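K.L.:
Before I ask anything, let me first share the structure, which is written out below as structure tokens.
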Amino acid sequence: MARHLKSSIPAADKAAADAKVRATVEALLADIARRGDVAVREYSVKFDGWDREDYRLTDAEIQDCLGQLTGQDLEDIRFAQAQVRNFAEHQKAALRDIEVETLPGVVLGHRNIPVNSIGCYVPGGKYPLLASAHMSVVTAKVAGVPRIITCAPPYQGRPAPAIVAAQHLAGADVIYCLGGVQAVGAMALGTASIPAVDMLVGPGNAFVAEAKRQLYGRVGIDLFAGPTETLVIADDTVDAELCATDLLGQAEHGPTSPAILLTDSEKLGRETMAEVERLLGILPTAEIARQSWRDYGEVILCDGLEEMLHEANRIASEHVQVMTRDDDFFLRGMTNYGALFLGPRTNVAFGDKVIGTNHTLPTQGAARYTGGLWVGKFLKTVTYQRVLTDAASATIGSICSRLCMLEGFAGHAEQANIRVRRYGGRNVPYAGAVAPEGGEG
């Protein structure tokens, strides 16, 4: 039976923190919906200390940001975006429109149509996370989205040059320097200066993630992406330094980022805990990583691969780093995860920044029912039908009419009957019954 060598804070404490976030976000969104740009500006000043007449960056400002980066910086950004673009193009090639004749004279099909407009949120309050621009904007461009706007918060009191460069090089149509709930709310609800979009994408802190959750339905979203999560599955084929480095490499994202070690080696588990403490003494981002590890870090000891697999699927982590004698055992058996990183030669940072898979991934158990952001998220698969012959219309109509009457839907049945009369030459009586109120259809 799995047991904890280190546990996180109680679930009740996490739930209480989540409730405070929900209430705060609900009030902010209601105010943005009511007061528009005025509220957006007030919250930008309050939370980011950032005010300007128009949060949209001008072409001159964008070029100035590019000019602040070195040639190597720009080359590296272009390289990372090329990897994301290449993988997204291969994914899109796997999707195709179809049209099939399912019965004589009956043609069904579907088309993959891009969403018309999206708003990409690029986090950047603590760190300028330019990689999120690659993941959202580049992938949306491959999907064919016609209008792409981006929002990123100011970094150290000004637009972050690296984020602006990444947004521009990725192909964003409009770039705003605006962060937090006020950015997400403005993109989804629309204001006098920021036209509303059809879909929101991109990761963010707990407040941004909650804002997306509350706005879902009014607009589409990619997925529920809260604080970063990492799960390291390891046995004694690797050492504590590697495990601790991979745990803290994600714990530095924020103070509520879970970092969990799953192992069947008590020796490795305890040595990893000691190595974490050593690394926290030298890691430049230790202040945040230490709080995250203290409150949300876990070490779980299991009896062999099968129990490790069971626990991993239960946890359903965003990132899963697998370093064992049989990594393919987890590739075959895992069903609940955002992204897998197989073997010690790869790691979550590769996926986050450069290798080409998308880093916007499900958190907080959402991996049980969804994958991460990909080109297909920006496409609506919509169906159509044609009936080419009188005989087909009459045949389908007769069956449809009977099924409709089984449900008590006389109006539905008459839609079928009129085709039977017109195209089948049969004298089918008017359905006549009164349809139930408010039914499905």
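K.L.:
For region 36-45, take each phi angle, set θ = phi - 60°, evaluate the Karplus expression 6.51 cos²θ - 1.76 cosθ + 1.60, and give the result in whole Hz per residue in order, putting x for glycine and proline.
P.N.:
Values per residue, Gly and Pro as x: x, 4, 4, 5, 4, 5, 4, 6, 5, 5 Hz.
K.L.:
Of Lys353/Lys377; Lys6/Lys353; Lys6/Lys126; Lys6/Lys212, which ones are farther than 24 Å apart at the Cα?
P.N.:
Lys6/Lys353; Lys6/Lys126; Lys6/Lys212
K.L.:
Only Lys, Arg, Asp and Glu count, each charged at its Cβ (+1, +1, -1, -1), so figure out the dipole size of the chain about its Cα centre, rounded to 20 debye.
P.N.:
Value, rounded to 20: 1640 debye.
K.L.:
Taking only C-alpha pairs under 8 Å that are 6+ residues apart, what is the relative contact order of region 81-181 in percent?
P.N.:
Once normalised by length, the contact order is 27 percent.
K.L.:
On to the next question. Rounded to whole Å, give me the distance from the Cα center of region 309-388 to that of region 109-158.
P.N.:
Result: 20 Å between the Cα centres.
K.L.:
OK, next. Given the whole protein assembly as supplied and a 1.4 Å probe, what does the accessible area of Met187 come to in Å², nearest 10?
P.N.:
Counting only protein heavy atoms, Met187 exposes about 0 Å² to solvent.
K.L.:
Specify the inter-centroid distance of region 163-192 and region 20-65, based on alpha-carbon positions, in whole Å.
P.N.:
Answer, in whole Å: 10.
K.L.:
What stretch of the chain, leaving out the sites themselves, is the longest with no chymotrypsin sites (Phe, Trp or Tyr not before Pro) in a DSSP loop having at most 15 other Cβ atoms within 10 Å?
P.N.:
With a cap of 15 other Cβ atoms within 10 Å, the longest stretch comes to 1-368.
K.L.:
Among all the aspartates and glutamates, which ones have a C-alpha under 14 Å from Lys380's C-alpha, if same-chain residues fewer than 8 places away are not counted?
P.N.:
Hits, sequence-local ones excluded: Asp97, Asp198, Asp222.
K.L.:
Now, a different point. Roughly how much of Asp97 is accessible, in Å² to the nearest 10, using a 1.4 Å probe?
P.N.:
90
K.L.:
Taking just the alpha-carbon atoms of region 312-416, what radius of gyration and Dmax come out, in angstrom?
P.N.:
Over region 312-416's Cα set, Rg and Dmax evaluate to 23.8, 65 Å.
K.L.:
Quick one: Kirkwood hydrodynamic radius for the chain, alpha-carbon pairs, angstrom, one decimal?
P.N.:
Evaluated over the chain, this radius sits at 24.5 Å.
K.L.:
Sticking with this one: Alpha carbons only, please: Rg and Dmax for region 29-152, in angstrom.
P.N.:
Over region 29-152's Cα set, Rg and Dmax evaluate to 20.3, 66 Å.
K.L.:
Which parts of region 101-144 would a label at Arg386 reach, counting a residue when its backbone N lies under 13 Å from a point 7 Å out along Cα-to-Cβ?
P.N.:
Within reach of a label on Arg386, which here means backbone N under 13 Å from a point 7 Å along Cα→Cβ, region 101-144 contributes 101-102, 105-110.
K.L.:
Right, something else. Rounded to the nearest angstrom and ordered from largest down, what semi-axes does the equivalent ellipsoid of region 25-66 get from its C-alpha gyration tensor (root of 5λ)?
P.N.:
26, 11, 8
K.L.:
In nm, what is the difference between 0.36 nm times the number of residues separating Asp59 and Arg314 and their Cα-Cα distance?
P.N.:
Answer, rounded to one decimal: 87.0 nm.
K.L.:
Hey, another quick one. Would you mind getting the accessible area per residue of region 39-149, heavy atoms of the protein chains only, 1.4 Å probe, in Å²?
P.N.:
52
K.L.:
Send over the Kirkwood Rh of region 5-76, from the inverse of the averaged 1/r over different Cα pairs, rounded to one decimal Å.
P.N.:
Over region 5-76, the inverse of the mean reciprocal pair distance is 16.4 Å.
The values are calculated or read from the model by the stated rules, or taken from the named source; none is laboratory data. The structure displayed is predicted, hence computed values, not measured ones. Neighbour counts are summed over all protein chains in view; Cβ atoms, including those assigned to glycine, are modelled from backbone coordinates with ideal geometry. All accessible areas refer to the heavy atoms of the entire protein, side chains included, with ligands and DNA or RNA removed. Shrake-Rupley method; radii C 1.70, N 1.55, O 1.52, S 1.80 Å.
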